[in-house]
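Heads up, the thing below is written out as structure tokens.
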Amino acid sequence: MPAYKAPLHDIRFLMNEVFDYPAHYKTLSNGEAADADTVDMILEGAADFCENVLSPLYQSGDGEGCHFDNGTVTTPKGFKAAYDQLVQGGWQGLSYPEEYGGQNLPMSLNIIKSEMMGTANWSFQMYPGLSIGCMNTILQYGTDEQKNTYMPHLVAGTWSGTMCLTEPQCGTDLGQIKTRAEPQADGSYHISGTKIFISAGEHDLTENIVHIVLARLPNAPQGTKGISLFIVPKFLPNAEGGVGERNAVSCGSIEHKMGIRASATAVLNFDNATGYLIGEPNKGLHAMFTFMNIARIGTAIQGIAHAELSFQGALPYAKERMSMRALSGKKEPDKVADPIIHHADVRRMLLTQKAIAEGGRSMIYYAAQLADKMNDALASDDTAAFESYDNQLGFYTPILKGFLTELGFEAANHGMQVYGGHGYIKEWGMEQIVRDARIAMLYEGTTGVQALDLIGRKVLLNSRGKIIRDYTAEILRFCSLHARNKYMRRFAWELTKLCAQWNTLTVRILLAARKDRDVVSSASVDFLMFSGYVMMAYFWAQQAAVASAKLATGQGQEVPEFYKAKIKVADFYFERLLPRAQGHAESMVHPSQTMTALAPEHFSFDY
């Protein structure tokens, strides 16, 4: 089975050399404490916890799964002890205010920690990870009383949180929500309804679970404009702020899933459960989406997590497995065959995994800086700055979530393929990564939903293409800086052409949509994937620029192999993966008729 090793060298390369996190932290009101020694201690501590505590539970947790017995859920062996270590280490409160027991460090450190935890054991990461949305919601929209009641426990990790959105009759279309909220004389509400697919909705890791629930008030407007948000704890807080009487929330069942089997996905029944309004009435959806950008970064991490873990499992096997001779001649003549890493097709798969993992990580780490700035603006009540950074992050997140999870699943499949028939066998652990990776393209909005959000809302409706013009202008500034560099100019030229094409495609779809409204939907996934390939190319070019400069100036001589590898993988990405963008470009500009011409009744398997 793959044993996770935190890629600290690559993490530090991105933080210190590509994105200059130390300078970034100096611009934040809570960045002073994120000095080099503290950051290094956090990285080393997180790596140790992930490698030695979480990683060994990855395969065993999948084999055992969660246990359900009459409303009670028990997590796999070792999970409770591991979670207790998480609490003792103060990991949950890394980026939350000191007044609630947190360490008030930048959000990016929490995101980087989450990447390590998720790669080591994604099922485990789901439990503390789902609390983040709950905490962010209460922190931004809760009253002082609500913050003081819930935040200290959530920050400590002794209580966990969920987001209860989906119902049996609706998933993405939240306008169909039926859960009811009846006002009570004491200012509370009785919440009644059923929520499904609630990750970490019931478990034995914490003494309480705080549910953030979407529901409708009496006489609320129809559709999404009539949804409110409520805090509904599993146990009601007592007068001392601890766990009181049991609330009328019960777990009806847990799902039997393809993957992430050690994460409990619950059906929750609310039977006149006591809840408390958070935020304004009928504006629950707005409140929910203010933190969804950061939540979707968390899901995007799953793409690179499974690419990284699958690569770490495939690489040593490719170096050890003997099969046939390399076409270029014997590599190990004293052996019966050569290791399969000498075969070009195996290298194609390994390089694809590495390009996805490291290219995706750079995209995530840049977005993490935007999350830092957004949170800093929120803390200082700078509404204009908050909205600006939120809009920037809003552009990135559908690309990160949709594109990286699609490529992460591809990378996981490559890892299984490297093993050949052994990859299909459970004991090796590679097929588990594939199963675990598959959900990432579904939850927090499927790839199609992310694509429609990107092109329909972010690009066409909200900005009329301006957001693409602004982003490509940033890329073109980078290209102008490197246009005369002997090594970088080919990257700069390719990116320049892609920027022009990206803007042209946007205008073509905008114009076509005036006569053919369905073209927005029919082009959306191709547009998202094209955008992702161009964006990743930009981030690979940035890594290549730093690596080539280090080697040229002699600063990279201590570890020249690392910088040389960066350059070679950048070459591979531009030559072998980036050309895929052109297929998406050609496909997206065709009229929608090829998708809409066949009437629903003609979709048949039995004529």
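Over the residues of the chain, the helix contribution to mean residue ellipticity at 222 nm works out to -17000 deg cm²/dmol, using -39500 (n - 2.57) for each DSSP H run of at least 4. Convex hull of alpha carbon positions in the range 471-573: directionally averaged projected area 7.0 nm². Along the axis of the charge dipole computed for the range 283-413 (Cβ charges of +1 for Lys and Arg, -1 for Asp and Glu, origin at the Cα centre), the listed residues 353, 298, 287 are led at the positive end by 353. Check the straight Cα-Cα distances from residue 335 and name the aspartates and glutamates below 13 Å, setting aside those fewer than 8 residues away within the same chain. The reachable aspartates and glutamates, counting only those whose Cα sits under 13 Å from residue 335, are 320. What does the net charge come to around residue 304 if you take all other residues with beta carbon closer than 9 Å to its beta carbon, with K and R at +1 and D and E at -1? Once positives and negatives cancel, what remains is -2. Principal-axis analysis of the Cα atoms of the chain puts helix 466-482 at an angle of about 40° to the longest axis. When you restrict to C-alpha pairs under 8 Å that are six or more residues apart and normalise by the size of the chain, the relative contact order lands at 12 percent.
Projecting label points 7 angstrom from Cα along Cα→Cβ for residue 517 and residue 69 puts them 5.5 nm apart.
The Kirkwood radius of the range 203-299, taken over pairs of alpha-carbon atoms, gives through the Stokes-Einstein law at 20 °C and 1.002 mPa s a diffusion coefficient of 139 µm² s⁻¹.
Couplings 3J(HN,Hα) for the range 566-582, derived from phi with the Karplus relation 6.51 cos²θ - 1.76 cosθ + 1.60 (θ = phi - 60°), are 4, 5, 5, 6, 4, 4, 4, 4, 5, 8, 10, 9, 4, x, 4, 4, 5 Hz, where x marks Gly and Pro.
How much accessible area per residue does the range 383-447 have, in Å², with a 1.4 Å probe? Please list the in-between numbers first.
Numbers: 2340 Å² over 65 residues.
Solvent-accessible surface per residue comes out at 36 Å².
Both the radius of gyration and Dmax for the range 1-110 are 17.1, 53 Å, in that order, over alpha-carbon atoms.
A Cβ-based charge dipole, computed about the Cα centre of the range 231-281 with Lys and Arg at +1 and Asp and Glu at -1, lands at about 280 debye.
So if R0 is 60 Å, what FRET efficiency would residue 575 and residue 280 give, r being the distance between their Cβ atoms, rounded to the nearest 0.05? List each step's numbers first, then the result.
Working: r = 53 Å, r/R0 = 0.88.
Efficiency for this residue pair is about 0.70.
Toward the positive end of the charge dipole of the chain, with +1 on the Cβ of Lys and Arg and -1 on the Cβ of Asp and Glu, the farthest Cα among 364, 90, 593 is that of 593. Hydrodynamic estimate: the Kirkwood radius of the range 216-265 over Cα pairs, inserted into Stokes-Einstein at 10 °C and 1.306 mPa s, corresponds to D of 109 µm²/s. Per atom type, the range 484-607 shows carbon and sulfur on 55% of its accessible surface, probed at 1.4 Å. Listed peptides 186-197, 255-266 appear in the order 255-266, 186-197 once ranked by packing, highest mean of other Cβ atoms within 10 Å at the front.
So for the range 246-350, averaging the separation of alpha carbon pairs under 8 Å that are six or more residues apart and normalising by length, what relative contact order in percent results?
On the way: 74 pairs, mean separation 17.1, N = 105.
Normalised by residue count, the contact order of the range 246-350 is 16 percent.
Between residue 8 and residue 489, the distance separating the two model label sites (each 7 Å from Cα on the Cα→Cβ line) works out to 4.1 nm. A Förster radius of 41 Å, combined with the Cβ-Cβ distance separating residue 558 from residue 435, puts the computed FRET efficiency at roughly 0.55.
One decimal place: the segment residue 38-residue 379 gains 120.6 nm when fully extended, by the rule 0.36 nm per residue minus the C-alpha distance.
As an equivalent ellipsoid, the range 309-414 spans semi-axes of 45, 11, 9 angstrom, where each value is the square root of five times an eigenvalue of the C-alpha gyration tensor, largest first.
Please report the carbon-and-sulfur percent of the accessible area for the range 216-280; probe 1.4 Å, protein heavy atoms only, DNA, RNA and ligands left out. Intermediate values should be presented prior to the final figure.
On the way: 1370 of 2860 Å².
C and S fraction of accessible area: 48 percent.
Taking every C-alpha pair closer than 8 Å and separated by at least 6 residues, the mean separation divided by the residue count of the range 372-444 gives a relative contact order of 22 percent. Accessible area per residue for the range 208-283 is 41 Å², calculated with a 1.4 Å probe on protein heavy atoms, without ligands, DNA or RNA. Pick the calculated semi-axes √(5λ) of the Cα gyration tensor in Å for this structure from (i) 38, 26, 23; (ii) 39, 29, 26; (iii) 50, 36, 18? Checked against the structure: label (ii). Rounded to whole numbers, the Karplus 3J(HN,Hα) couplings from phi for the range 309-320 are 5, 5, 4, 5, x, 7, 4, x, 5, 5, 7, 9 Hz, using 6.51 cos²θ - 1.76 cosθ + 1.60 with θ = phi - 60°, and x at Gly and Pro.
Think of each Lys and Arg Cβ as +1 and each Asp and Glu Cβ as -1; about the Cα centre, that makes the dipole of the chain roughly 2400 debye.
Inter-part distance, the range 7-45 to the range 278-342, computed on C-alpha centroids, equals 23 Å.
Between residue 258 and residue 336, the FRET efficiency estimated from the beta carbon spacing at R0 = 25 angstrom works out to 0.05. With the simple spin-label model, which puts each label point 7 Å out from Cα in the Cβ direction, the residue 594 to residue 469 separation comes to 3.0 nm.
Look at where the Cα atoms of the range 467-526 and of the range 59-96 average out, and the two centres are 44 Å apart. Projecting the Cα atoms of 163, 213, 577 onto the charge dipole of the chain, computed from C-beta unit charges around the Cα centre, puts 577 farthest toward the positive end.
The values are calculated or read from the model by the stated rules, or taken from the named source; none is laboratory data. Keep in mind that what you see is a predicted model, and the values were worked out from it rather than measured. No Cβ is skipped: glycine too gets one built from the backbone with ideal geometry, and neighbour counts run over all protein chains shown. Surface accessibility is based on the protein's heavy atoms, side chains included, excluding ligands, DNA and RNA. Shrake-Rupley method; radii C 1.70, N 1.55, O 1.52, S 1.80 Å.
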